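Worksheet: the structure to be examined is printed underneath.
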Amino acid sequence: MSEGTATVELDVRLEKHRVELTGYCYRMLGSSFEAEDAVQDTMIRAWRSYEKFEGRSSLRSWLYRIATNVCLDMLTAGNKRARPMDLTESTPLAQAALAPRPDNTWLEPVPDARVLPTTDDPAEAAVAKESVRLAFVAALQKLPSKQRAVLILREVLAWRASEVAELLDTSVASVNSALQRARATLAESDGQIAAADVSDPLDEDQQKLLERYVAAFEGYDMTALTALLHEDAVMTMPPFDLWLTGTSDITGFMTTLGAPCAGSHLVPVEVNGLPGFAQYKPDPEKGGFSAWAVQALEISEGRIAGFHCFLDTARWFPLFDLPLHIEGKPDEAQ
């Protein structure tokens, strides 16, 4: 085999694992961009040391070992990404103020296609989706980094304890102890993790709920929107640390500080294993519509329990392969 052919073959073998590795690194780091950087670093390290890879484990296991080390190195700074409700108390509408925090504060959204490998196993697909949902990834961020790795490898990826012990250069007893402590920590966050019970694929009632949400939001009909929200629904807007609870505060915000969003158009996206939308707001200066937010919706018991609006559109819309400006309605512009 020629050197060029071998190079192409190795490229193909490595690339087969990119999506699942990105999902793993995203769960570890809570950042879509850092996850992609970590995977790229993993691929470069694998390239450089491939001649030393003796095949004592599978290529996949070897890549996960490298990716884990990369993520642990990135986490030594101690930064734990969070959602607004992890950092502050809910703010009453009368005290609402938009105070941004730095990008590295926030848990970031991620398109499903970048972190969820295709699979023919519905149960496997459901577990994978649940494990990238915002509430679950936020709970992971509360774990020490090695506990985080153990829990993801054991509970999400279904690795055996012996495989995890080999990857982390530790004992099976140490892995089992770390898993037990990680489970205990997650159990304390169970109410938050259970916020979304979206089926995969969406059932008929959930599809209809989303259709009603689009009609209410695009029509800026607060009465219709209120009927779709749980009474204790939550709205967040990173990079602002403000978050709101309850239908009256949410709709009150939307008709005051959020009033310029009236007349928006929504384009469906798949984000963090949840239904979501890219929101385009009317642009009075350029005309047409400009990118405003990526929305991720949590559905529970037939209503919307939370909607999370990520406002750094210059970063998010290209990640979802969406334009930053459209001239007409989204269905006309595409």
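The values are calculated or read from the model by the stated rules, or taken from the named source; none is laboratory data. This is a predicted model, so every value here is computed, not measured. Ideal geometry is used to build each Cβ from the backbone, glycine not excepted, and the neighbour counts take in all protein chains shown. All accessible areas refer to the heavy atoms of the entire protein, side chains included, with ligands and DNA or RNA removed. Shrake-Rupley method; radii C 1.70, N 1.55, O 1.52, S 1.80 Å.
Within region 78-166, the trypsin sites (Lys or Arg not before Pro) that combine a DSSP coil assignment with at most 12 other C-beta atoms in a 10 angstrom radius are Arg160. Its Kirkwood hydrodynamic radius, worked out from the mean inverse distance over all distinct Cα pairs, puts region 1-136 at 17.1 Å. Summarising the overall dimensions of region 226-334 from its C-alpha atoms, the Rg and Dmax are 13.9, 41 angstrom.
Average projection, convex hull of the Cα set of region 126-238: 8.8 square nanometres. Computed from Cα atoms alone, the Kirkwood hydrodynamic radius reported for region 56-100 is 14.3 Å.
Scanning residues 5 or more positions from Gly288 or on other chains, those with amide H under 5 Å from its amide H are Asp283, with H placed 1.01 Å from N in the peptide plane. Computed across region 216-272, the Kirkwood hydrodynamic radius from all distinct Cα-Cα pairs reaches 12.2 Å.
Leaving ligands, DNA and RNA out of it, rank Tyr50, Tyr280 by accessible area with a 1.4 Å probe, largest first.
From most exposed to least exposed: Tyr50, Tyr280.
Scoring 85-96, 238-249, 28-39 by mean Cβ neighbours within 10 Å over their residues and listing the highest first yields 28-39, 238-249, 85-96.
Hey, got a sec? Which GluC sites (Glu not before Pro) in region 284-326 land in a DSSP loop and have at most 10 other Cβ atoms within 10 Å? Those satisfying the criteria are Glu285, Glu301. Expressed as a fraction of 2.2 N^0.38 Å, the C-alpha radius of gyration for region 15-85 is 1.16. Just the ratio, please: alpha-carbon radius of gyration of region 268-321 over 2.2 N^0.38 Å, N its number of residues. Taking the Cα Rg and dividing by 2.2 N^0.38 Å, one obtains 1.24.
With respect to the chain, whose longest principal axis is taken over its alpha-carbon atoms, helix 204-218 is tilted by about 50°.
From helices alone, the chain scores -14000 deg cm²/dmol at 222 nm; the rule is -39500 (n - 2.57) for each run of n ≥ 4 DSSP H residues, then divide by the residue total.
Skip the ligands, DNA and RNA, and give the accessible area per residue of the chain with a 1.4 Å probe, whole Å². Walk me through the numbers on the way to the answer.
Working: 15840 Å² over 334 residues.
Accessible area per residue: 47 Å².
Extent of the chain along its three principal axes (Cα atoms, max minus min coordinate, largest first): 63, 47, 39 Å. Given +1 at the Cβ of Lys and Arg, -1 at the Cβ of Asp and Glu and no other charges, the dipole of the chain around its Cα centre is 1100 debye to the nearest 20.
For region 207-276 versus region 277-318, the spacing of their alpha-carbon centroids is 9 Å. Label sites at Ser300 and Arg183, each approximated as a point 7 angstrom past Cα along Cα to Cβ, lie 2.3 nm apart. Using a 1.4 Å probe on the protein heavy atoms, what percent of the accessible area of the chain belongs to carbon and sulfur? So the carbon and sulfur contribution to the accessible surface is 51 percent.
Shown here for region 271-331: trypsin sites (Lys or Arg not before Pro) in loop regions (DSSP other than H, G, I, E, B) with at most 15 other Cβ atoms within 10 Å, namely Lys286. Taking R0 as 30 Å, what FRET efficiency do you get between Ile44 and Ser171 from their Cβ-Cβ distance, rounded to the nearest 0.05? Result of the calculation: an efficiency of 0.50. Mean projected area of the Cα convex hull of region 135-194, taken over all directions, amounts to 3.6 nm².
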